[in-house]
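The structure under discussion appears below in the form of structure tokens.
The values are calculated or read from the model by the stated rules, or taken from the named source; none is laboratory data. Being a predicted model, the structure only gives us computed values, none of them experimental. Neighbour counts run over all protein chains shown; Cβ positions are idealised from the backbone, glycine included. Quick note on the areas: whole protein, heavy atoms, side chains included, nothing else; ligands and nucleic acids left out. Shrake-Rupley method; radii C 1.70, N 1.55, O 1.52, S 1.80 Å.
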Amino acid sequence: MTINNTLNHKDDTDCVKLQAGAMSIGRAGDNDLHIADKSVSSYHARIFTYLDASYIEDLGSTNGTYLNGKRIEKHTLHPGDVIKLGKHELEISPDN
């Protein structure tokens, strides 16, 4: 699966392929996926990929992590899912 930046901000990347292991997401520059948006916490969320499954986990962020409009703490990701971190949205797409 791939994460796509749906807002097309000038962030470090517009899409990232999910690979085995953990990927951190947040405003701090040392995150794997850096989002320069003040509504995103410094260390907002983490995505774990193991075998063929990926999971997102909120890291106690101020504004919460939402998946398809529902606030979550930890959840499995599927193609078509929309992740909202603060005011920023990311979409999960299948690998091509």
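Listed values, structure above:
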| read-out | value |
| --- | --- |
| Sole residue being open to solvent by less than 20 Å² (accessible area, probe 1.4 Å), modelled with pLDDT of 95 or more and in a loop (DSSP other than H, G, I, E, B), chosen from Ser54, Ser61, Ser42 | Ser61 |
| Among (1) open to solvent by 20 Å² or more (accessible area, probe 1.4 Å); (2) touching a strand residue (DSSP E or B) at 6+ places or on another chain (Cβ under 8 Å), the one test that Ile92 misses | (1) |
| Criterion violated by His44 - all others in (1) touching an Asp or Glu at 6+ places or on another chain (Cβ under 9 Å); (2) free of Cβ contacts under 8 Å to residues at least 40 places away in the same chain; (3) closer than 20 Å to Asn4 by Cβ; (4) not charged (D, E, K, R) satisfied | (2) |
| Inter-residue pairs, beta-carbon under 6 Å, first over 13 Å from Glu89 (Cβ atoms) and free of Cβ contacts under 8 Å to residues at least 40 places away in the same chain and in region 55-72, second assigned to a loop (DSSP other than H, G, I, E, B) and of a type in the set (S, T, N, Q), 6+ apart | Ser61/Ser41; Thr62/Ser41 |
| Count of residues meeting criterion [under 19 Å from His78 (Cβ atoms), in a loop (DSSP other than H, G, I, E, B) and at pLDDT 70 or above] in region 1-34 | 4 |
